[in-house]
Amino acid sequence: MPHLRTLPSSCLAGDWQMAIDGWLLEQRAPAFRLYRWQRPTLSLGFHQHHLEPHWGELAAGGLIELVRRPSGGRAVLHAGEITYALVWPDAPRQHQQAYVQACGWLLDAFASLGLPLEPGSQAASLQRSNCFASSTAADLVHAGGAKRIGSAQLWRQGCLLQHGSILVEPPAELWQLVFGADPPALPDLPLNPDELEALLQQCAAAALPTAAAGVLHLPLSAAEWARIATGRAPYRVNGSTPPLASPEASIERTT
């Protein structure tokens, strides 16, 4: 297997973030990245056809953006969280086994903080529009059941794209507006978001199965940005995601 490509952290509009992940999947090469969102964004699962009527109203009022993920699952509010994307060619064909192996680095990271996580135990439900309203074996929860991380997958010709949302400080007021419910009652983290992201990067590089051959930190080139830019439109919902002329300006140039 080739080296795992890691990308610099970014904070971009939703259509850019989804287009990057879709493009990485098309390359069918091991890749991993952590990122955040330019403004509060509600991402819908690829097969999520029912949208709550007030979501469009919130987007029209500028309170959230709406995008559609290439991966499955329910709606995720990207605010006060960190998102990860993992591309894994030739992942285990048993989807639950792939989830377990792909999430080991997350277990390591939170165990090191004294906040161990475990898989959820609830059955999947198509009746819930909010990803964090239930916790299946694909999710990671604290001992009391509070869901810290929700994950979703897309499989294409044996290659896996796994998305995950890692809650840090979810905004209660916005959650109420979007979902009519409070966010999970999570234990406080001993790190700020930047410190947590650094820890997550470290644990991913050490424990992801795709990192066995080594890790190569490689930002997107100008030519790659140009190709990604042409693939943004399919991820927009009702034109709620504004264009961003210079995404490179929001990329952290880390090494």
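The values are calculated or read from the model by the stated rules, or taken from the named source; none is laboratory data. Quick caveat, the model's predicted, so the values are computed rather than measured. Ideal geometry is used to build each Cβ from the backbone, glycine not excepted, and the neighbour counts take in all protein chains shown. These accessible areas exclude ligands, DNA and RNA; they are computed on the full protein's heavy atoms, side chains included. Shrake-Rupley method; radii C 1.70, N 1.55, O 1.52, S 1.80 Å.
So what is the relative contact order for the stretch 7-157, in percent, with contacts set as C-alpha pairs under 8 Å and at least six apart?
Computed over the stretch 7-157, the figure is 21 percent.
For the chain, report the translational diffusion coefficient in µm²/s to the nearest whole number, using Stokes-Einstein at 25 °C, 0.890 mPa s, and a Kirkwood Rh over Cα pairs. Each step should come with its number before you reach the end.
Details: Rh = 18.3 Å.
Here the translational diffusion coefficient equals 134 µm²/s.
So who's got an amide H within less than 5 Å of the one on Gln38, skipping anything under 5 residues away but keeping other chains? H placed 1.01 Å off N, in plane.
Leu12, Ala13, Gly14
If you take every DSSP beta bridge fully contained in the chain, what fraction is antiparallel? Give it as a percent rounded to 5.
Taking every DSSP beta bridge with both residues in the chain, the antiparallel ones total about 70 percent.
Starting at the first residue of the stretch 40-51, write each ³J(HN,Hα) from the Karplus equation 6.51 cos²θ - 1.76 cosθ + 1.60 with θ = phi - 60°, in whole Hz, x for Gly and Pro.
x, 9, 9, 9, 9, x, 4, 9, 7, 8, 8, 10
Got a sec? What order do Cys203, Cys11 fall in by accessible area at 1.4 Å, biggest, i.e. largest, first? Before the final figure, lay out the partial values.
Working: Cys203 20, Cys11 50 Å².
If we order Cys203, Cys11 from most to least accessible, we get Cys11, Cys203.
Quantify, in whole percent, the carbon and sulfur part of the accessible surface of the chain (1.4 Å probe; protein heavy atoms only).
Accessible surface attributable to carbon and sulfur in the chain totals 54 percent.
Considering amide H positions built from the backbone, and no H for Pro or chain starts, which residues 5 or more places from Val168, or on another chain, come under 5 Å of its amide H?
The list, which skips near neighbours in sequence, is Glu81, Ile82.
Return the sequence-ordered ³J(HN,Hα) values of the stretch 164-181 in whole Hz as given by the Karplus equation 6.51 cos²θ - 1.76 cosθ + 1.60 applied to θ = phi - 60°, using x for Gly and Pro.
3J(HN,Hα) across the stretch 164-181, in whole Hz: x, 10, 9, 6, 10, 9, x, x, 4, 5, 5, 4, 4, 5, 7, 10, x, 8.
Rounded to whole Hz and in sequence order, give me ³J(HN,Hα) for the stretch 201-208 from the Karplus expression 6.51 cos²θ - 1.76 cosθ + 1.60, θ = phi - 60°, writing x for Gly and Pro.
4, 4, 5, 5, 5, 8, 10, 5
With each label point set 7 Å from Cα along the Cα-Cβ vector, what nm distance links Glu26 and Gln101?
So the label points at Glu26 and Gln101 sit 2.7 nm apart.
Work out the length of the dipole vector of the chain about its Cα centre, built from +1 on the beta-carbon of each Lys and Arg and -1 on the beta-carbon of each Asp and Glu, and round it to the nearest 20 debye.
With Lys and Arg at +1 and Asp and Glu at -1, about 760 debye.
Suppose all protein chains stay in the model; what accessible area per residue would a 1.4 Å probe give for the stretch 1-150, in Å²?
Details: 5650 Å² over 150 residues.
Heavy-atom SASA per residue in the stretch 1-150 reads 38 Å².
Would you give the gap between the C-alpha center of the stretch 77-124 and the C-alpha center of the stretch 140-196, rounded to a whole Å?
The stretch 77-124 and the stretch 140-196 have Cα centres separated by 10 Å.
Taking 8 Å as the Cα distance limit and 6 or more residues as the minimum spacing, I'd like the relative contact order of the chain as a percentage. Don't jump to the answer; show the numbers that get you there.
Values: 484 pairs, mean separation 76.5, N = 255.
That works out to 30 percent.
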